[in-house]
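Asker: Below is one structure. I have some questions about it.
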Amino acid sequence: MSDFLSIDNVSQIFGPNLTTGEKIAAKLGGKVETRSVRAVSDVTLSVRKGETLGLVGESGCGKSTLGRLIAGILPPTSGKVVIGGAPVMKNGSKVTTRVQTVFQDPFASLDPRMKVGNTVAEGPIAHTLTTKSEAPSYVASWFERVGLDPVWVDRYPHQFSGGQRQRIAIARALAMQPDVLICDEPVASLDVSIQAQIINLFLELTRDLGLTSVFISHDLSVVQHVSDRVAVMYLGRIVELGPVAQVFGEPAHPYTAALFGSVPKLVLDAEELVHFDTIEGEVPSPLSPPSGCYYHPRCPLATQTCGATQPVMQQISDLRAVACHHFEKQQADAISG
Ligand SMILES: Nc1ncnc2c1ncn2[C@@H]1O[C@H](COP(=O)(O)OP(=O)(O)OP(=O)(O)O)[C@@H](O)[C@H]1O
Ligand SMILES: [Mg+2]
């Protein structure tokens with residue numbers, strides 16, 4: 001397997017987000033403190049053809065922003081995304097249909113006034129993947145593929161259940177014949193029983209169509225189930241990357257360990273039934289990230305170096321990398337003796 005999707009040193013800075021009053025003050029020549037949000041910082045990743053990369057991290061760490069950058073929905077402030085050697089964006093515009101997205105809320109992502117068959121046909125007709133006359137059978141084949149009855153093409157989104165709407169959203173994405181699928185919390189708004197159906201559909205389709213995908217979810221068990229490798233994000237940066245079994249089984253970064261520890265667990269032999277290990281401290285604001293390692297104010301292992309210098313991603317084995325001074329030290333100690 002060779003690298004197929006390359007995310008090359010991508011950053012996204014939003015802002016400054018000025019209030020109306022501040023904008024007026026700035027116009028009048030007043031001194032206004034600017035507040036830019038560094039939502040994604042220097043992210044470099046590559047995904048092999050046919051591989052699913054899971055993306056996890058706390059709310060607000062930049063997962064959706066990174067997903068939108070990869071999908072070409074948002075032009076990056078710097079860096080580039082390349083699929084099979086071709087850039088996703090040129091001069092701030094998306095220039096490929098090879099990457100498509102499935103979002104969390106299918107109701108919001110489907111036009112309520114449009115028959116779902118037309119919603120699925122729209123893109124493929126515009127990009128000459130089918131003709132107007134062949135579109136009905138083209139759409140019907142995608143409906144069947146995602147487990148929907150093709151007779152439903154003339155219905156409107158509100159006539160479907162949440163799970164069916166997500167199937168329509170998946171059909172719309174796949175009818176564009178992408179090589180890469182970005183799924184941003186695709187099952188988060190669905191009932192647990194429906195979640196399993198959609199996850200199984202995702203696994204079946206990615207395997208059968210040979211899709212490369214990035215799967216964003218705050219649900220670690222879902223990510224563990226669908227991903228080959230997982231990338232852990234903290235405050236806009238990737239802090240750990242590796243095969244899912246290794247990262248979940250033996251986290252290298254203290255944040256990964258804390259994140260996995262914060263998953264609700266059943267403690268059968270304890271007095272209380274449900275036990276939460278929460279991560280110490282608050283997520284720092286991306287408006288003013290800490291110095292050094294962004295995780296150091298919450299990290300139980302933090303040293304002076306952690307507060308002073310930002311750790312870089314270091315390869316720790318063929319497929320694993322981590323950005324942590326503590327891990328660097330551990331490795332140096334192991335080598336010296
Ligand atoms: N359009 C925007 N303008 C300004 N700031 C933004 C914009 N979009 C996202 N942000 C900020 O960028 C940061 C990352 O947001 P993002 O939505 O990517 O996080 P996330 O990891 O997907 O969170 P969640 O798990 O809650 O979905 C947040 O601080 C967010 O407030
Ligand atoms: Mg998000």
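Laboratory data are not the source of any read-out in this text; all were calculated from the coordinates shown. What you are looking at is a predicted structure, and each value in this text was computed from that prediction instead of being measured. Counting neighbours? That spans all protein chains shown, and the Cβs are built from the backbone with ideal geometry, glycine included.
Asker: Any idea how far apart Thr97 and Val151 come out in nm if each label point goes 7 Å out from Cα toward Cβ?
Answerer: Distance between label points: 3.0 nm.
Asker: Go through 39-46, 126-133, 3-10 and give me the packing order, highest mean Cβ count within 10 Å leading.
Answerer: Numbers: 39-46: 21.1, 126-133: 11.4, 3-10: 18.6.
Listed from highest to lowest mean packing, they are 39-46, 3-10, 126-133.
Asker: Dividing the convex hull volume of the Cα atoms of the range 1-82 by its residue count, what figure in Å³ per residue is obtained?
Answerer: Values: hull volume 8.6 nm³, N = 82.
Looking at the range 1-82, the number lands at 105 Å³ per residue.
Asker: Among 317-323, 68-74, how do they line up by average Cβ neighbours within 10 Å per residue, starting with the highest? Let's see the in-between values first.
Answerer: Working: 317-323: 17.0, 68-74: 22.1.
Ranked by mean Cβ neighbours within 10 Å, highest first: 68-74, 317-323.
Asker: Taking the chain, how much of its Cα-Cα pair set, in percent, is spaced more than 25 angstrom apart? Let's see the in-between values first.
Answerer: Working: 32565 of 56616 pairs.
So the portion of pairs separated by more than 25 Å is 58 percent.
Asker: Run lengths n ≥ 4 of DSSP H only: what is the helix-derived mean residue ellipticity at 222 nm for the chain, with -39500 (n - 2.57) per run over all residues, to the nearest 500?
Answerer: On the way: 12 runs with 112 residues, N = 337.
So the calculated ellipticity at 222 nm is -9500 deg cm²/dmol.
Asker: Restricting things to alpha carbons, tell me how big the range 155-220 is in terms of Rg and Dmax, in Å.
Answerer: My reading of the Cα-based Rg and Dmax gives 11.9, 35 Å.
Asker: Sorted by mean Cβ packing within 10 Å, highest first, what order do the peptides 180-188, 51-59 take? Could you put the intermediate results ahead of the total?
Answerer: Numbers: 180-188: 23.7, 51-59: 21.4.
Descending packing order for the listed peptides: 180-188, 51-59.
Asker: Any chance you could check the Cα centroid distance between the range 136-164 and the range 166-196 for me, in angstrom?
Answerer: 13 Å
Asker: Then there is this: After finding the eigenvalues of the alpha carbon gyration tensor for the range 11-153, what semi-axes result from the square roots of 5 times each, listed largest first in whole Å? Each step should come with its number before you reach the end.
Answerer: On the way: eigenvalues 273, 84, 49 Å².
Each semi-axis is the square root of five times an eigenvalue, giving 37, 21, 16 Å.
Asker: Roughly how big is the chain's charge dipole about its Cα centre, with Cβ charges of +1 (Lys, Arg) and -1 (Asp, Glu), in debye to the nearest 20? Walk me through the numbers before you get to the answer.
Answerer: Details: 28 positive and 33 negative charges, 292 e Å.
Dipole about the Cα centre, nearest 20: 1400 debye.
Asker: Counting DSSP beta bridges in the chain, what percent are antiparallel, to the nearest 5?
Answerer: Just about 65 percent of them are antiparallel.
Asker: To continue, here is another question. Taking 23 Å as the cut-off for C-alpha to C-alpha distance, list the pairs among Lys27/Lys80; Lys63/Lys94; Lys49/Lys80 that go past it. If you can, show how the numbers build up before the last one.
Answerer: Working: Lys27/Lys80 34 Å; Lys63/Lys94 20 Å; Lys49/Lys80 18 Å.
Going by Cα-Cα distance, Lys27/Lys80 fall outside the 23 Å limit.
Asker: Hey, another quick one. With +1 on each Lys and Arg Cβ and -1 on each Asp and Glu Cβ, how big is the dipole of the range 1-107 about its Cα centre, in debye rounded to the nearest 20? Please list the in-between numbers first.
Answerer: Numbers: 13 positive and 8 negative charges, 70 e Å.
Around 340 debye, computed over the range 1-107.
Asker: Here is a follow-up. Using a 7 Å offset from the Cα along the Cα-to-Cβ direction at both Ala332 and Met114, what is the distance between the two label points in nm, to one decimal?
Answerer: Here the answer is 5.6 nm between the modelled labels.
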